[in-house]
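Notes follow once the structure below has been shown.
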Amino acid sequence: MAARMSQYRGAGEVGFAPASPGPVVPVELAADLADVVCRAESLLAVEAGVRTEVALVRRIREAGSRTKLAMVWLAGEGMAFLCAHGTPVPVTLEAGEVVEAAWWAVAWHEATADYRILTARGSAMVRDPRTLMARITGPGRVVLQGQRGGMRGW
């Protein structure tokens, strides 16, 4: 299943901006580089040579909310323009190394890393069952974000 994307062709200029404060980061994709998996709300734009595919859709029932987590797989040749909400925190994981973070704090990661949503029963790290965690196991690079995406809380 492909991610829904608008397509712009021809001469001219198109501007993109994130939904909340945070930098726009150009991420290069190429045959000799790892594919990238990002949160749908972190994806702003891709060049024509980059393919998008839905990687994960999961309903999150956190603290009584019914939020949906959607992840998009990016592959091919070209640039993807991604947004980390708040301050981006890059982490490089060696094989077997693990980082756990709130599920919303993972902006994107290389597809070589294993991404899992943990339940309250699945992790000693989850102290509050209303806050789900994500576990990313290396190898691969991960970018964490400093605030929840979108304009919630503003």
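Bear in mind that the values in this text are calculations on the coordinates, not laboratory data. None of these values were measured; they are calculated from a predicted model. Reconstructed Cβ throughout: ideal geometry from the backbone, glycine too, with neighbour counts over all protein chains shown.
Here are the numbers for the structure shown:
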quantity	calculated
Computed E for Ala11/Ala70 - FRET, C-beta separation, R0 30 angstrom, nearest 0.05	0.40
Under Karplus coefficients 6.51, -1.76 and 1.60, residue-wise ³J(HN,Hα) of segment 95-100 in Hz, glycine/proline x	3, x, 6, 10, 10, 10
FRET efficiency, Val89 to Arg51 (Cβ-Cβ, R0 35 Å, nearest 0.05)	0.80
Additional length obtainable on full extension of the chain from Leu118 to Glu77, 0.36 nm per residue less Cα span	11.5 nm
